[in-house]
Each structure stands twice: as C-alpha cells, then as structure tokens.
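K.L.:
A single structure is presented below for examination.
The values are calculated or read from the model by the stated rules, or taken from the named source; none is laboratory data. What you are looking at is a predicted structure, and each value in this text was computed from that prediction instead of being measured. Virtual Cβ from ideal backbone geometry, glycine too; neighbours counted across all protein chains shown. For the accessible areas, the whole protein counts, side chains as well, though only heavy atoms, and no ligand, DNA or RNA atoms are used. Shrake-Rupley method; radii C 1.70, N 1.55, O 1.52, S 1.80 Å.
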Amino acid sequence: MSALDRSHDPGRTSWVSSANGHPEFPIQNLPYARVKHGNTPGAIAVAIGDEALLLPAAIEAGWGNDLPPGALCVGMSALNVFAGRPPTEWRAVRLALSDALSDPDWEPRLRPALRSRAALEHLVPFQIYDYTDFYASMFHATNVGLMLRPDNPLLPNYKWVPIGYHGRASSIVISGSPVRRPRGQTYPPAASVPTFGVSRSLDYELELGIFLGGRNPLGTPVPASEAAARIFGVCLLNDWSARDIQSWEYQPLGPFLAKNFATTISAWVLTADALLPFRVPMPARAVSDPEPLEYLRVPNDWTIAADLEVELATAKMRDHGDAAMTVSRVQFDQAMYWSPAQLITHHASNGCNLYMGDLLGTGTVSGPTPASRGCLLERTWRGTEPLMLPNGESRKFLEDGDEVVFRGTCRAPGAVTIGFGECRGVVVPA
Ligand code: CA
C-alpha cells in the first residue's frame, strides 16, 4: 500500500494547464473538498490547478466507469461514505482522477465539469461526528508549562502518554468563516471575584487536522501496526482559544468553553496517498527519554514533511492594502513528539470506536525557536513580548478585525511540491 505509483510521477502533467507548475495544486496533489452545488446538500470536488473538478458531473460524463462500483460514492455529498471504503479504493479513485486529468482524450468530456476554484463556496467536507484535540508538540507543551510552572514545565506524564481532550464537532467551521469573539467567565489577576464578559485574550493555534477513514467497532483497539492505514487525509486546523477563559476553567478537567466556540479547518483534504512522497521518520527521542510503551511502538513510523506558516493582517493593514505579516514558520516534522499513528492507536487503545470522518487535531505545532511558535500565547510569551507589526501596531492577543491565515506546503527531494491551500478566519466583535 505504501509504494509510489504513476499518480506521483513528477513528470506527469495535466490538460488543465494551470495545474502545471502550480505551487499547491499540481496533478500530483488532487485533494478533495465539499462545495455548494445547486440545490444539492453539497458536492465533492477535486482541486486541479486554479480549477476544480465536480465529481458528480464527472461521473455523469462517464468518468469512473472502470472503478469498483462502491468507489463511486466519492461523488456523494460528503466524504464519510467514501472514507469508509477500503484504502485500495481510495487509491483506485486517485489513479482514475490522475489518469483522466492527464489524458487529453478526456478533456472534451470533463471540461464542462470544471469550475474556477476561486468561485467555489466551501462546506465542511465530512459530517464530523467526533473531534479530538491532542497536545503532541513537546516545544508547545514545554513553553506553556514554563509560563505556568517555571520550575517544572513538562508534567511527568508527557513523554509517556499522548495528551488530548474531546473537542466539539458542531462548531467546526470552514476556512473563510468569521469567528465571533467569545464571552465567558474569567478571573483577571487584579480582580477579587470572577466576572463574565468578553474574552480579552483571544488566540489562534496552528495545527494539522487528521481525518480518519474506516471504523473500529466499540471495544476493539487499533493496533499500532494498523493505525497509519486509518489516515484518510489531512488539513490545516485553527483551534481558536480564549486564554483568559481557559486559565480559569481548565483545572481539573481541561479545556471547555475556551475552545469550543469555533475551530476552523482548511477547505481541501490532502489524501494519504498524495502525502506518500512526504513521509519522513519521526525525530529521534532523547536518549534520556523513556521508550514508548509497547502499544505505542509503531513499526516504520512516520510523520509528514510539511512547512507551515501563520500570517496576520489587522483590519487597518487590510484597509491600507498592506501585505499580511508572517508571524511564524514551523516544520511540522521537526515539531511533534507523538506521530499521527501514535495518536490514533492511543485514542483507540481503550476500545474507543473511531469513525470515518472523525477529526483529530495534532495540537499546536511549535518548534524550538521563537519564530516557530504556533500561537500568540507563546509567540508573545503571554503578552509580555508584544508582536510588532510593520505599520506600528502591536499585538499581545487578537483584536477584532484581525485576520489569521495558515498555509502549508509539503516538499521532498524528487517530488512535486503540494500545498494545503489556506485556513483563514477573521475575528468579529462579540
Ligand atoms: Ca489545540
């Protein structure tokens, strides 16, 4: 299952000319999104250069005739059913897309099924029933710990157990959706009693989202050797966080209302097959670190070679036509202590049933340097080192009108670079 095939061939080009040399969506990528389409509940589309192929229209035009009949559910209104099909069918569909989009004989039939990507209205690509957020970057965990417990930043469980919490699926929104500043209960340091009001410490968290495929029945763990095969695809994820609400409510059960008011995901789902050329080994653990327990030892474990970045543009910057400021850049594959497969096998290790379309957040992706920290809490060190913007404004946390955009690309020697598209959100007043 893990061999490259002709869909990864760096020499393959498309009759959709904008795909050739495209920085994010060349024919080697072919990610899925769900878009508004007439009166339907949504349609699955595949990005190809500056355009997108609407799958229901492509199937109507005869594409996919040679596929196993079950695989044509990729043309349904959300990706859940397709993600429940075997990974061999995921790959067969990708090959059929790659072949048709590279073969000029298909152009007359498929061109009517193309739409400009810029004109698409996106929907959340899955019916997401469950969302879990992890805490898998040790740099992030150490930085946050340093602010709370300077002499004991990393809790003793961190290197033994992947830390996570159950998030809320209903408030996951697609890139471009406005994010309303939450109200909540806080206990400001200078106050004598808690108060209820508008959050003053709104933050973003740069993460990858992992969409699962397949299912394991309740009571049936996913062995470490089978966990990676449960990855259907990945996206960018912004776990918006109200730090003032969080710091008052989080003990002893963890995040609650500080996190569940909005989570933004990027529109395009990069598939596990598209990511094959970008698999790299996990960073070596320090020799003084414990070996993972047996159930967390993933054979030939890997992570994804992805460069991620955060851009910030205030309302004033956008009004003046100023370019957004790049706030952070981080290499995902160097930042995480626990691998995607370890998160999955751990999640199911108690028999928890994971379902196609479930979403796992990796946790804030922070690297070892200040410029690679994936949230403002760390980037401004809890507001003590404000971020200076090019126009003279400064930020400790997000203000109303601020726009946060995440981007990411996957690069590897000998492979065509592919991108995630953007994960965008503007903060609107409470
Ligand atoms: Ca998070």
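K.L.:
Here's a check for you: in the range 201-224, which residue that is more than 13 Å from the ligand (Cβ to nearest atom) and within 21 Å of PHE261 (Cβ to Cβ) is most open to solvent (accessible area, probe 1.4 Å)?
P.N.:
It comes out as SER201.
K.L.:
Moving on to the next point. Please verify whether PRO150 is modelled with pLDDT under 95, more than 16 Å from the ligand (Cβ to nearest atom) and not β-branched (Val, Ile, Thr), treating the condition exactly as stated. So that I can check it myself, show each step before the final result.
P.N.:
Numbers: modelled with pLDDT under 95: yes; more than 16 Å from the ligand (Cβ to nearest atom): yes; not β-branched (Val, Ile, Thr): yes.
Against the criterion (modelled with pLDDT under 95, more than 16 Å from the ligand (Cβ to nearest atom) and not β-branched (Val, Ile, Thr)), PRO150 qualifies.
K.L.:
Picking from PHE126, PHE134, which residue would you name as being within 16 Å of the ligand (Cβ to nearest atom) and among the aromatic types (Phe, Trp, Tyr)? Spell out the reasoning first.
P.N.:
Working: PHE126 fails: within 16 Å of the ligand (Cβ to nearest atom).
From the options PHE126, PHE134, the qualifying one is PHE134.
K.L.:
Further question on the same structure: Does ASP99 satisfy being part of a helix (DSSP H, G or I), under 17 Å from LEU30 (Cα atoms) and open to solvent by 20 Å² or more (accessible area, probe 1.4 Å)? So that I can check it myself, show each step before the final result.
P.N.:
On the way: part of a helix (DSSP H, G or I): yes; under 17 Å from LEU30 (Cα atoms): yes; open to solvent by 20 Å² or more (accessible area, probe 1.4 Å): yes.
Yes.
K.L.:
Being away from the ligand (no atom under 15 Å from the Cβ), among the hydroxyl-bearing types (Ser, Thr, Tyr), open to solvent by less than 60 Å² (accessible area, probe 1.4 Å) and within 16 Å of LEU359 (Cβ to Cβ), is that true of even one residue in the range 162-176?
P.N.:
Yes, some residue in the range 162-176 is away from the ligand (no atom under 15 Å from the Cβ), among the hydroxyl-bearing types (Ser, Thr, Tyr), open to solvent by less than 60 Å² (accessible area, probe 1.4 Å) and within 16 Å of LEU359 (Cβ to Cβ).
K.L.:
Anything in the range 248-265 that is of a type in the set (Phe, Trp, Tyr) and either open to solvent by less than 10 Å² (accessible area, probe 1.4 Å) or within 15 Å of the ligand (Cβ to nearest atom) (or both)? List them, or say none. Reasoning before the result, please.
P.N.:
In the first step, residues of the range 248-265 are kept if they are of a type in the set (Phe, Trp, Tyr); the result is 248, 250, 256, 261.
Residues satisfying the conditions are TYR250, PHE256, PHE261.
K.L.:
Moving on to the next point. Can you confirm whether HIS122 is within 18 Å of the chain's Cα centre (by Cα) and within 18 Å of THR264 (Cβ to Cβ)?
P.N.:
Judged against the criteria, HIS122 is a match.
K.L.:
Identify, please: which residue in the range 177-200 is β-branched (Val, Ile, Thr) and touching a residue at least 60 places away in the same chain (Cβ under 8 Å) and is, among those, nearest to the ligand (Cβ to nearest atom)?
P.N.:
Only one residue tops the list, namely VAL179.
K.L.:
Step by step: first the residues of the range 129-146, then only those that are open to solvent by less than 50 Å² (accessible area, probe 1.4 Å) and out of contact with any helix residue (DSSP H, G or I) (no Cβ under 9 Å at 6 or more places or on another chain), then the one that is farthest from LYS159 (Cα to Cα). Which residue is that?
P.N.:
Only one residue tops the list, namely TYR131.
K.L.:
If a residue must be on the phi < 0 side of the Ramachandran plot and either assigned to a strand (DSSP E or B) or touching a helix residue (DSSP H, G or I) at 6+ places or on another chain (Cβ under 6 Å) (or both), how many such residues does the range 29-57 contain?
P.N.:
Count: 18.
K.L.:
Being in contact with a Gly (Cβ under 6 Å, 6 or more places away or on another chain) and crowded, with 21+ Cβ neighbours inside 10 Å is the filter; apply it to the range 34-84 and report the residue that is nearest to SER17 (Cα to Cα).
P.N.:
Top of the filtered list is LEU55.
K.L.:
Follow-up. Go through the range 303-336 and count every residue that is open to solvent by less than 40 Å² (accessible area, probe 1.4 Å), polar (S, T, N, Q) and either under 20 Å from GLY421 (Cα atoms) or touching a Phe, Trp or Tyr at 6+ places or on another chain (Cβ under 8 Å) (or both).
P.N.:
Total satisfying the criteria: 2.
K.L.:
Now for a different question. From (1) away from the ligand (no atom under 16 Å from the Cβ); (2) outside any strand (DSSP E or B); (3) touching an Asp or Glu at 6+ places or on another chain (Cβ under 9 Å), pick out the condition that doesn't hold for LEU312.
P.N.:
Going through (1) away from the ligand (no atom under 16 Å from the Cβ); (2) outside any strand (DSSP E or B); (3) touching an Asp or Glu at 6+ places or on another chain (Cβ under 9 Å) one by one, LEU312 breaks only (2).
For (1) within 23 Å of PRO429 (Cβ to Cβ); (2) part of a loop (DSSP other than H, G, I, E, B); (3) free of Cβ contacts under 8 Å to residues at least 60 places away in the same chain; (4) open to solvent by less than 60 Å² (accessible area, probe 1.4 Å), each residue gets a yes or a no:
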{"residue": "GLY363", "(1), (2), (3), (4)": "no, yes, no, yes"}
{"residue": "GLY367", "(1), (2), (3), (4)": "no, yes, no, yes"}
{"residue": "ALA371", "(1), (2), (3), (4)": "no, no, yes, yes"}
{"residue": "GLY374", "(1), (2), (3), (4)": "no, yes, no, yes"}
{"residue": "ARG382", "(1), (2), (3), (4)": "no, yes, no, no"}
{"residue": "PHE397", "(1), (2), (3), (4)": "yes, yes, no, yes"}
{"residue": "ASP400", "(1), (2), (3), (4)": "yes, yes, no, no"}
{"residue": "PHE406", "(1), (2), (3), (4)": "yes, no, no, yes"}
{"residue": "PRO413", "(1), (2), (3), (4)": "no, yes, yes, no"}
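K.L.:
May I ask you to list pairs of residues, at least six apart or on different chains, whose Cβ atoms are under 8 Å apart, with the first in the range 252-275 being on the phi < 0 side of the Ramachandran plot and the second being hydroxyl-bearing (Ser, Thr, Tyr) and at pLDDT below 95?
P.N.:
Every condition considered, the pairs that remain are PHE256/TYR250; ALA258/TYR250.
K.L.:
Restricting to the range 230-247, what's the tally of residues that are away from the ligand (no atom under 14 Å from the Cβ) and in contact with a helix residue (DSSP H, G or I) (Cβ under 7 Å, 6 or more places away or on another chain)?
P.N.:
3
K.L.:
What is the number of the single condition among (1) touching a residue at least 60 places away in the same chain (Cβ under 8 Å); (2) closer than 17 Å to THR271 by Cβ; (3) of a type in the set (A, V, I, L, M, F, W, C) that TRP106 does not meet?
P.N.:
The single condition TRP106 does not satisfy is (2).
K.L.:
Please go through the range 337-357 and pick out each residue that is open to solvent by less than 10 Å² (accessible area, probe 1.4 Å) and within 16 Å of the ligand (Cβ to nearest atom). Break it down stepwise before answering.
P.N.:
First, pick out the residues of the range 337-357 that are open to solvent by less than 10 Å² (accessible area, probe 1.4 Å): 338-341, 343-345, 348, 351, 354, 357.
Hits for the range 337-357 are TRP338, PRO340, LEU343.
K.L.:
Residues to consider are LEU202, LEU293, LEU218; find the one that is under 19 Å from PHE406 (Cα atoms) and hydrophobic (A, V, I, L, M, F, W, C).
P.N.:
Values: LEU293 fails: under 19 Å from PHE406 (Cα atoms); LEU218 fails: under 19 Å from PHE406 (Cα atoms).
Of the residues listed, the single one that is under 19 Å from PHE406 (Cα atoms) and hydrophobic (A, V, I, L, M, F, W, C) is LEU202.
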